[in-house]
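What follows draws every value from the coordinates through simple rules; no lab data is involved. These numbers were taken from a predicted model, which means no experiment stands behind them. When we count neighbours, we look across all protein chains shown, and the Cβ atoms used for this are built from the backbone with ideal geometry, even at glycine.
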There are 2 protein chains.
Amino acid sequence: MSVQLPDELSASSPVRPRVRVWLKLLKVTKNVEQVVRENLRAEFDTTLPRFDVLAALDRFDDGLKMSELSAALRVSNGNVTGIIERLVIDGLVLRVPVAGDKRATLVRLTQKGQEEFAKMAAAHARWVNAVLEDLPPAACEQVIGILDTIGRAPKQTAKVDDND
Amino acid sequence: MSVQLPDELSASSPVRPRVRVWLKLLKVTKNVEQVVRENLRAEFDTTLPRFDVLAALDRFDDGLKMSELSAALRVSNGNVTGIIERLVIDGLVLRVPVAGDKRATLVRLTQKGQEEFAKMAAAHARWVNAVLEDLPPAACEQVIGILDTIGRAPKQTAKVDDND
DNA sequence: CTAAAAAATTTCAAGCTTGAAACTTCATGC
DNA sequence: GCATGAAGTTTCAAGCTTGAAATTTTTTAG
């Protein structure tokens, strides 16, 4: 993160606007992320990756397979294994065998996990609102609208495509 | 990253727009970052953190102190130590003692480091342009303008303030 | 001068992250 | 059946990241 291009490049002509918006996105994202990260640690003694996992699981009452989870979070398979391991130890997550497939496991929030996440999610919303308080709702919608056009064009999309 | 809020929250009223724009920023940023990361690995056999360090150093011919570097990158002090260590081993970066202060060290790009970074920076600009090709320059400027308002208000700025 | 505080860095343990390799289980074709 | 490959995961090494503690040097107060 925090990529800073050399002046000779950041001043060059056709390339500039996208690189500049990218650097801006990076900076804002990093700022918000930092705030969320610190608050998660200070108030809940947890980490952003753990929060992300809980958030993903919270959306699926029936649980997710490990591979579905890593796909949802866009991280590697092996990554999720370790995080889930620790969440299981802490009693926030449960592993359930999948009927009829001994390879896969389903991962689900426990009651405790749901309750913990509910608190975190509420706090998370407050933190984000505080950091972005200077952005009026209309401005937010505008940014969302503009960024939504990425990957929407009929052309070949370099590697970026997704719903929502 | 990739925070997904529960429906009950992401649908709630006063909180929504900022959280939504935050999730959007996160998604776009993560996409671009992923592309840059993979390309750096595939084409230059290096990592994003290393690229970031080189980029920061490239802007200062006279070098940076370790603390200045970590401040510029917004990462912890200890973090930079390891990355610089490896960059020194690879001959891309040089450590120079600071005259009159035996505590500090100055870190600077070597000739090789400058040349390597120049190639990477050019490629980086191409990758970013490809990923964001659907964003017209005007849209980029618009997003930059809107996001620039963050931390600009006379109010107390929760933790976000910076130039550029 | 000297004790104590401050500054600049490194070290450290714990956790996150990746891509590749290994492993187990399942599905398919013959 | 049964070999072969695909699918789902875990393991692993290497590197990134953090916050805290430790180290060394400099500055400041008295």
Task: Neighbours by Cβ (under 7 Å, 6+ apart or cross-chain): first from the stretch B:69-81, away from chain A (no Cβ under 11 Å); second of a type in the set (Gly, Ala, Ser) and near DNA strand C (Cβ under 7 Å from one of its atoms) - done: B:Asn77/B:Ser67
- [ ] Hey, could you check the stretch A:132-151 for residues that are assigned to a helix (DSSP H, G or I) and closer than 27 Å to A:Leu69 by Cβ and say which is farthest from the other protein chains (Cβ to nearest Cβ)?
- [x] A:Asp148
Task: Failed condition for B:Pro97, given (1) more than 9 Å from DNA strand D (Cβ to nearest atom); (2) within 14 Å of chain A (Cβ to nearest Cβ) - done: (2)
Task: Residue tally, condition within 13 Å of DNA strand D (Cβ to nearest atom) and not aliphatic (A, V, I, L, M), over the stretch A:44-59 - done: 4
- [ ] Could you check B:Val88 against (1) within 16 Å of DNA strand D (Cβ to nearest atom); (2) in contact with a strand residue (DSSP E or B) (Cβ under 9 Å, 6 or more places away or on another chain); (3) touching a residue at least 60 places away in the same chain (Cβ under 8 Å) and say which number it fails?
- [x] (3)
- [ ] Take B:Thr81 and decide whether it is within 12 Å of DNA strand C (Cβ to nearest atom) and more than 27 Å from B:Trp127 (Cβ to Cβ).
- [x] yes
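Can you name the residue in the stretch B:46-59 that is more than 10 Å from chain A (Cβ to nearest Cβ) and either more than 10 Å from DNA strand C (Cβ to nearest atom) or of a type in the set (A, V, I, L, M) (or both) and is also surrounded by the most Cβ atoms within 10 Å (Cβ to Cβ) among such residues? Explain how you work it out, then say what you get.
Initially, the stretch B:46-59 is screened for residues more than 10 Å from chain A (Cβ to nearest Cβ), giving B:46-47, B:50.
From what is left, the residues that are either more than 10 Å from DNA strand C (Cβ to nearest atom) or of a type in the set (A, V, I, L, M) (or both) are B:46, B:50.
On the way: B:Thr46: 18, B:Arg50: 21.
Only one residue fits best here, namely B:Arg50.
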Open item on the list: Restricting to the stretch A:96-117, and then to whatever is small (Gly, Ala, Ser) and without any contact (Cβ under 8 Å) to a residue 40 or more places away in the chain, can you tell me which residue is farthest from A:Leu64 (Cα to Cα)?
Closed with: A:Gly100
Open item on the list: Looking at the stretch A:90-111, can you tell me whether even one residue there is part of a helix (DSSP H, G or I) and not aliphatic (A, V, I, L, M)?
Closed with: yes
TODO: Restrict the check to the stretch A:105-116 and report whether at least one residue is within 18 Å of the chain's Cα centre (by Cα) and within 9 Å of DNA strand C (Cβ to nearest atom).
DONE: no
